[in-house]
Amino acid sequence: MLSLCELKSITCFSVCNQKQKYNQKLYIIPVRTVCVRFCISRSSVGSVELSGTGTHSDAYSGFSAPNDYQRIDSLEKELEELFDEVKRMISMGNKNDAIDLLTANYEVVKERLNAGTKGIEEAATLDIIALGYMAVGDLKFVGSLLNMMKEVVDNLKDDAPRLDSILMHMGSMYATLSKFEKSLDVYQRAVYIMERTYGMDSTFLVTPCLGMAKVLGSIGKATKAIETYQRVITLLESSRGTKSKDLVVPLLSLANLLLKEGRANDAETHFTRVLNIYTELYGQNDGKIGMAMSSLARVKCAQGKSDEAIQLFKRAIQVMKDSNYLSPDDNIMEKMRVDLAELLHTVGRGQEGRELLEECLWITERYKGKEHPSLVTHMINLATSYSRSKNYADAEHLLRRSLQIMIKQKGTDDQSISFPMLHLAVTLYHLKKDEEAEKLALEVLRIREKAFGKNSLPVGEALDCLVSIQTRLGRDESELLELLRRILNIQEREFGRESEEVLVTLKKIVYYLDKLGKKDEKLTLQRRLSVLSKKYKQMVNY
């Protein structure tokens with residue numbers, strides 16, 4: 001996805017073919033609008049003129065006259081001015097003005113399309129307007145614009161100037177909208193055009209191939225994605241050397257995909273290479289080194305090398321702190337601390353893990369305030385850690401705070417509040433505060449039945465908690481039995497009739513059937529329970 005900052009910073013390659021030299025830029029637009037009341041005093045921005053008057057729709061499907069490239073270059077500059085103006089408005093908080101400017105230009109190009117003028121200039125203008133709406137955040141309208149662009153570019157010849165760039169932008173925007181098949185189609189056409197224009201070994205292929213590889217990975221075509229990443233790496237190595245920093249992005253992308261595919265050893269090779277490139281370019285203490293180390297730590301986790309992973313995570317965090325590479329509250333720093341805390345808990349070093357979670361909470365409170373919604377995750381994580389160490393009192397305090405923040409933000413009926421609420425109910429159960437625990441569990445059940453349906457897995461989880469609480473409170477055994485039957489039905493559907501969850505619930509049902517004297521029902525279920533118990537006993541022995 002192209003962020004506003006990325007759009008601002010992109011400078012594309014200076015492309016040279018045998019006939020014409022031109023700058024291959026990301027279309028960062030300005031279009032012509034007859035009058036825009038609020039913003040643009042310069043007529044070159046406020047009313048960008050598309051060349052021609054709308055009577056030559058076929059002329060733009062391919063350019064041949066010498067001044068055609070000059071005309072598209074001129075339009076490109078105007079489009080860049082428009083996009084700069086849109087960005088300026090957004091940065092000043094004038095989002096509505098930016099939308100008005102984009103809309104006015106859209107109406108102009110739509111008139112030309114309706115009149116039958118559907119050439120490269122219209123495609124370029126729509127491209128910039130779509131990027132503008134991306135920057136504004138109106139993704140729904142971007143989808144409509146892409147449909148219009150597709151209709152135009154499908155009828156353009158491959159030699160239309162700037163078409164490859166427009167196709168690349170379309171590929172990126174389609175991917176942002178999760179329309180991966182369409183994204184792949186336009187990326188493939190862009191690659192085909194650029195291969196014919198610049199050759200199979202041109203570095204101009206790097207950008208579309210990277211986009212295409214990412215899409216292939218997103219739709220589960222890992223083998224093809226890996227091949228495409230490797231092609232990008234080969235292209236860059238041949239033109240810029242094996243230690244170029246330009247290799248970092250494809251190497252990281254390939255390594256992450258390999259790790260996702262369970263090929264940790266292969267991923268380690270590429271992550272290590274990134275670390276070596278960064279070390280050579282920036283030295284041992286640059287923040288980029290910390291980023292590379294954290295990636296390697298994830299590989300070590302996947303390989304089961306917990307101690308090595310812990311050491312790498314710790315070194316990475318320390319380097320990031322010492323270099324001030326990122327703000328302490330940055331999401332990347334936060335994830336590194338949380339990942340390390342989780343790993344420490346996994347290997348039985350809970351106290352160290354809690355210290356990191358406490359640091360996450362403290363940093364978030366300091367930078368975002370004590371009522372910020374992002375505190376909730378840290379509070380729940382820390383409460384979970386306290387519960388593991390049987391420090392239920394501190395867990396209760398954190399869960400009450402998190403619940404208050406969520407209710408203030410979401411209200412009392414939102415399904416999201418049911419998760420800390422259920423956690424609090426369980427904690428209160430451990431503290432023997434059964435009456436309040438029951439009240440909370442019943443409220444969770446109400447919220448989840450409404451949100452997810454009475455036979456959903458979240459409801460089954462709430463029922464399971466409620467049964468435990470009400471059992472200790474001595475509630476009516478026949479009612480408890482009915483709740484257990486509901487749990488069993490949900491578990492059978494979600495986990496299968498022979499799952500371990502079903503085994504546990506069957507034991508409870510048989511127990512209550514015995515207490516209530518329902519021998520016939522008990523015998524039927526007891527036979528089933530016996531078969532399941534034998535199966536799991538054999539699995540354990542095996």
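The values are calculated or read from the model by the stated rules, or taken from the named source; none is laboratory data. This structure is a prediction, so every number in the text was calculated from the model and none was measured. Note that we place each Cβ from the backbone using ideal geometry, even for glycine, and neighbour counts take in every protein chain shown. When the accessible area is computed, the model is the full protein with side chains, heavy atoms only, and any ligands, DNA or RNA have been set aside. Shrake-Rupley method; radii C 1.70, N 1.55, O 1.52, S 1.80 Å.
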Please go through segment 216-240 and give me each residue that is free of Cβ contacts under 8 Å to residues at least 24 places away in the same chain, β-branched (Val, Ile, Thr) and open to solvent by 20 Å² or more (accessible area, probe 1.4 Å), ordered by number.
Thr223, Thr234
Among the numbered conditions (1) in contact (Cβ under 8 Å) with a residue 40 or more places away in the chain; (2) among the small types (Gly, Ala, Ser); (3) open to solvent by 20 Å² or more (accessible area, probe 1.4 Å), tell me where Ala255 comes up short.
(3)
Which residue pairs have Cβ atoms closer than 7 Å, lie 6 or more positions apart in sequence or on different chains, and pair a first residue in segment 189-214 that is over 17 Å from Pro161 (Cβ atoms) with a second residue that is open to solvent by 20 Å² or more (accessible area, probe 1.4 Å) and among the acidic types (Asp, Glu)?
Leu205/Glu195
What number of residues in segment 347-403 are among the aliphatic types (A, V, I, L, M), open to solvent by 20 Å² or more (accessible area, probe 1.4 Å) and closer than 17 Å to Ser418 by Cα?
1
State yes or no: is Lys508 charged (D, E, K, R), within 30 Å of Leu525 (Cβ to Cβ) and in a helix (DSSP H, G or I)?
yes
Considering segment 478-498 alone, what residues qualify as being exposed (fewer than 15 other Cβ atoms within 10 Å of the Cβ) and more than 17 Å from Pro458 (Cβ to Cβ)?
Ser478, Glu479, Glu482, Arg485, Gly496, Arg497, Glu498
Only one of (1) in contact with a Ser or Thr (Cβ under 9 Å, 6 or more places away or on another chain); (2) at pLDDT below 90 fails for Asp127. Which number is that?
(2)
I'd like to check something: does segment 196-203 contain any residue that is in contact with a strand residue (DSSP E or B) (Cβ under 8 Å, 6 or more places away or on another chain), open to solvent by less than 20 Å² (accessible area, probe 1.4 Å) and assigned to a loop (DSSP other than H, G, I, E, B)?
no
Hand me the list of helices (runs of 4 or more DSSP H) wholly inside segment 274-364 holding 3 or more residues that are among the basic types (Lys, Arg).
287-302, 306-323
Some residue of segment 455-464 being touching a residue at least 40 places away in the same chain (Cβ under 8 Å) and over 33 Å from the mean Cα position of the chain (by Cα):
no
Which condition number does Ser418 fail, the rest of (1) farther than 28 Å from Leu483 by Cα; (2) modelled with pLDDT of 95 or more; (3) open to solvent by less than 60 Å² (accessible area, probe 1.4 Å) being met?
(1)
